[in-house]
Structure formats: structure tokens, C-alpha cells
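The values are calculated or read from the model by the stated rules, or taken from the named source; none is laboratory data. No experiment lies behind these values; they were computed from the predicted model shown. As a convention, Cβ positions derive from the backbone with ideal geometry for all residues, glycine included, and neighbour counts pool all protein chains shown.
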Amino acid sequence: MTLTIFFPFPTEHVTSNDRRSWKALLKPKKEWRDAAHWHAAAQTRGLKGKPLDQVNVQITYTGIMVRDAHNMVCDKWIIDGIVSAGVLVDDSDDHMTLLPTRVVRHRWPIHRRTVTVTITDRTQQELTQ
């Protein structure tokens, strides 16, 4: 089973090169986490049963001009939001593998910047390889 969660950027993206204090990052952290939570809850409403376990997760950012995908610290906040929505059991390594983050660069206006989270069952992916 593959599940895709799609949502627009709730606020500016934050990189590991951001030099703001932890206190200044509280607001964007909450906005990213809340956006992931509510979009995950809304887009997975049709799923019945327990939260997903043993999955691979890949996050794709579209429409930003970041040079390095591994600099995105929003990944953790997005995963936390999806876990709090009850879509995933936990974000520990025992339950989830975070695949490398992808950045698709476009010179789109700011309102067209999006995040796509693809969640794939590990057993299904192992069978197709």
C-alpha cells in the first residue's frame, strides 16, 4: 500500500543553516506540525484500522530554491504531525525509515510551494524489488 499526503507550505521553510534561536523557531515548528497533522488526518480519513507500521517515508518539497535537501529541518516536524494524526505508529527506526528528502526546484510563486509525503509499506516495497 502506498499513501500520499499533499499540502501547501504553511510558512517559510527552515534549514539547518537558519541562525534563529530555538524560541524564534517555535512558531514555524508548530505551523509545520499542525499543517502535516490536519492534512494527514483529512487525507487518510477513509483508512480504517490501526496506524501504519513498518513503512518507508519520503518527503518531497516542490517550488523552493534550496541547494541541499538534507538541510531541511522541517522533515522532523512533518513526521511528528503525521504521527500525532494517528497515521503512523511512531517515528522511531523500529517502525519507520525516512528515505532521502527530495527537492524539486521551480520558480513558482510562493503560494504554489508544496510538500508531498509518500508512505510505502516496507513489505510491499521489498516484494517488488
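Any chance segment 64-76 includes a residue that's closer than 14 Å to residue 116 by Cα, more than 12 Å from the chain's Cα centre (by Cα) and of a type outside the set (Gly, Ala, Ser)?
Scanning segment 64-76 turns up at least one residue that is closer than 14 Å to residue 116 by Cα, more than 12 Å from the chain's Cα centre (by Cα) and of a type outside the set (Gly, Ala, Ser).
Do we have any residue at all in segment 67-81 that's farther than 26 Å from residue 121 by Cα, among the acidic types (Asp, Glu) and at pLDDT below 90?
yes
Within segment 55-90, how many residues turn out to be part of a loop (DSSP other than H, G, I, E, B) and surrounded by 15 or more Cβ atoms within 10 Å (Cβ to Cβ)?
First, pick out the residues of segment 55-90 that are part of a loop (DSSP other than H, G, I, E, B): 63-68, 73, 85-87, 89-90.
Among the residues that remain, those that are also surrounded by 15 or more Cβ atoms within 10 Å (Cβ to Cβ) are: 63-64, 66, 73, 85-87, 89.
Adding up the residues that qualify gives 8.
Which residue is surrounded by the most Cβ atoms within 10 Å (Cβ to Cβ), if the candidates are limited to segment 96-106 and must be touching a strand residue (DSSP E or B) at 6+ places or on another chain (Cβ under 7 Å) and in a loop (DSSP other than H, G, I, E, B)? Break it down into steps so the answer makes sense when it comes.
Filtering segment 96-106 for residues touching a strand residue (DSSP E or B) at 6+ places or on another chain (Cβ under 7 Å) gives 96-99, 101-104, 106.
Restricting the remaining residues to those that are in a loop (DSSP other than H, G, I, E, B) gives 99, 101, 106.
On the way: 99: 12, 101: 19, 106: 12.
My answer is 101.
Which of the numbered conditions does residue 112 fail, given that it passes all the others? Conditions: (1) under 24 Å from residue 38 (Cα atoms); (2) at pLDDT 90 or above; (3) of a type in the set (D, E, K, R).
Result: residue 112 passes all but (2).
All but one of (1) modelled with pLDDT of 85 or more; (2) touching a strand residue (DSSP E or B) at 6+ places or on another chain (Cβ under 6 Å); (3) not aliphatic (A, V, I, L, M) hold for residue 93; state the number of the condition that does not hold.
That leaves (2) as the condition not met.
Hey, does segment 32-42 have a residue that's exposed (fewer than 14 other Cβ atoms within 10 Å of the Cβ) and not hydroxyl-bearing (Ser, Thr, Tyr)?
yes
Filter segment 16-54 down to the residues that are among the aromatic types (Phe, Trp, Tyr) and either assigned to a helix (DSSP H, G or I) or in contact with a strand residue (DSSP E or B) (Cβ under 9 Å, 6 or more places away or on another chain) (or both) and list them by number. Before the answer, list the steps.
If we filter segment 16-54 for residues that are among the aromatic types (Phe, Trp, Tyr), which is where we start, we get 22, 32, 38.
Scanning segment 16-54 gives 32, 38.
I need every pair where a residue in segment 73-84 that is free of Cβ contacts under 8 Å to residues at least 60 places away in the same chain and of a type in the set (Asp, Glu) has its Cβ under 6 Å from the Cβ of a residue that is in a helix (DSSP H, G or I) and surrounded by fewer than 24 Cβ atoms within 10 Å (Cβ to Cβ), sequence separation at least 6 or different chains.
Within 6 Å, the pairs are 80/33.
Can you pull out every residue in segment 1-15 that is of a type in the set (Ser, Thr, Tyr) and in a strand (DSSP E or B)?
Within segment 1-15, 2, 4, 15 meet the criteria.
Tell me which residues, restricted to segment 1-42, are closer than 17 Å to residue 120 by Cα, at pLDDT below 90 and within 15 Å of the chain's Cα centre (by Cα).
Once the filter is applied, which keeps residues that are closer than 17 Å to residue 120 by Cα, at pLDDT below 90 and within 15 Å of the chain's Cα centre (by Cα), segment 1-42 yields only 2.
Here's a check for you: in segment 1-31, which residue that is within 25 Å of residue 53 (Cα to Cα) and in contact (Cβ under 8 Å) with a residue 60 or more places away in the chain is surrounded by the most Cβ atoms within 10 Å (Cβ to Cβ)?
Restricting attention to segment 1-31, the residues satisfying the condition of being within 25 Å of residue 53 (Cα to Cα) are 1-7, 29-30.
Subsequent filtering for residues that are in contact (Cβ under 8 Å) with a residue 60 or more places away in the chain retains 1-7.
Working: 1: 10, 2: 11, 3: 19, 4: 12, 5: 23, 6: 13, 7: 19.
So the residue we want is 5.
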